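No lab work stands behind these numbers, since they all come straight from the coordinates. Owing to the predicted nature of the structure, the values given are computational and were not obtained by experimental measurement. Counting neighbours? That spans all protein chains shown, and the Cβs are built from the backbone with ideal geometry, glycine included.
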Amino acid sequence: MTLLNIKNLSINITNNKKNFLAADGINITINEGEIIALAGESGSGKTMTALSVLQLLPHAAKISGGEILFHTACGETVNLTSLDEKLMRKIRGKEISMIFQEPRQSLNPLMRIGSQIAEALELHGTDKKTARDEAMDILQRLRFPQSEKIYRSWPHQLSGGMCQRVMIAIAAVCRPRLILADEPSSALDRETLDHCLSLLKQINTEFGTAILFITHDLSLAADFCNRMLVMYSGKIIEEGAADNILLSPSHPYTVALAGAIPSKKKRGRPLEVFSGVKNG
């Protein structure tokens, strides 16, 4: 069953009195329990597309066309672009969560880790004791080492990789139907990256949570996702099975992305050929 249907979405950005499209007629369908990749270079419009789902766009960016249809846990299909802030608060965190690229900027330095995980539940009506118990449970369920110590820790006491894993736990604690993962592997070493991807896969398997995995790394996307969409200059320019796109890309931009992966020894045009437009 279709969980999220982004239909003909356009996002306009006004910057220094200049207007341009960060997303131009985007169409994305995500089914329940599916893991799909949205791939492309920085500036292609990936993050703006994800932020629009939760109405978290920066002030300079506005949705100028299209709709975002979401199938809620109650069985209703709602257009997220038309919901007011009060209704969106009921969706954010509980039904759709987001993992941001910079975990240290997302975590509150003045709150212990356990309190921040519990807060995600409390915002949706869970009492404090139950929320704290469930916060500990998610750390243990996701097999965090020394989970009790991490629960009591402050963000500055944890490594960057562990902070990212905590952000994944916060995103998962309400058992959302969809997680938007915005470059969660950025700046991680290989071992930490594997841990983070393992957590996301576990959440997908155990909770049935669908995942939109945003990345610039086609090889990583092919390893982790079944289906891939490639975005360039605000448009979806290629879509299909992740392995097929990596091994046999059809669009010149995708050929260039695949060709930039040393381990795959792909031959493609240099990425600089396509780097003239930056859409955020």
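Each of the GluC sites (Glu not before Pro) that DSSP puts in a loop and that has at most 15 other Cβ atoms within 10 Å breaks the chain; the longest unbroken stretch is 77-280. You can think of it this way: the chain between Cys74 and Asn108 has 9.1 nm of extra reach, that is 0.36 nm per residue less the Cα-Cα gap.
Loop sites by DSSP among the trypsin sites (Lys or Arg not before Pro) of the chain, restricted to those with at most 10 other Cβ atoms within 10 angstrom, leave 18-264 as the longest stretch without any of them. Result for the chain in a Gaussian network model with C-alpha springs under 10 Å: among Ile11, Ile261, Ile203, the largest mean-square fluctuation is at Ile261.
Just name one of Ala222, Ser64, Gly25: the one whose Cα is farthest towards the positive end of the charge dipole of the chain (beta-carbon charges, Lys/Arg +1, Asp/Glu -1). The listed residue farthest towards the positive side: Ser64. Charges were assigned to the Cβ only: +1 to each Lys and Arg, -1 to each Asp and Glu. The resulting dipole of region 82-141 about its Cα centre is roughly 80 debye.
When the chain is modelled as a GNM with alpha-carbon springs shorter than 10 Å, which of Leu246, Leu123, Leu178 fluctuates the most? Checking each option, the largest mean-square fluctuation is seen for Leu123. Taking 15 Å as the straight-line reach from the Cα of Lys129, the aspartates and glutamates in range (excluding those fewer than 8 positions away in the same chain) are Glu119, Asp137. Against the set (i) 54; (ii) 70; (iii) 58, the structure's computed percent of Cα pairs over 22 Å apart falls on (iii).
Annotation: for a label point projected 7 angstrom from Cα along Cα→Cβ of Ser198, residues of region 163-192 with backbone N closer than 20 Å are 163-173, 184-192. Between the residues Ser159, Leu54, Leu4, the greatest Cα displacement towards the positive end of the dipole of the chain, with unit charges on the Cβ of Lys, Arg, Asp and Glu, is found for Ser159.
Charges at C-beta only: +1 for Lys and Arg, -1 for Asp and Glu. How large is the resulting dipole of region 1-132 about its Cα centre, in Debye rounded to 20?
Details: 15 positive and 13 negative charges, 98 e Å.
Here region 1-132 has a charge dipole of around 480 debye.
With the simple spin-label model, which puts each label point 7 Å out from Cα in the Cβ direction, the Lys17 to Asn31 separation comes to 5.1 nm.
To the nearest 500 deg cm²/dmol, what mean residue ellipticity at 222 nm is calculated for the chain from DSSP H runs of n ≥ 4 alone, each contributing -39,500 (n - 2.57), summed and divided by the residues? Provide the component values of the computation, followed by the final result.
On the way: 11 runs with 101 residues, N = 280.
The helix contribution divided over the chain gives -10500 deg cm²/dmol.
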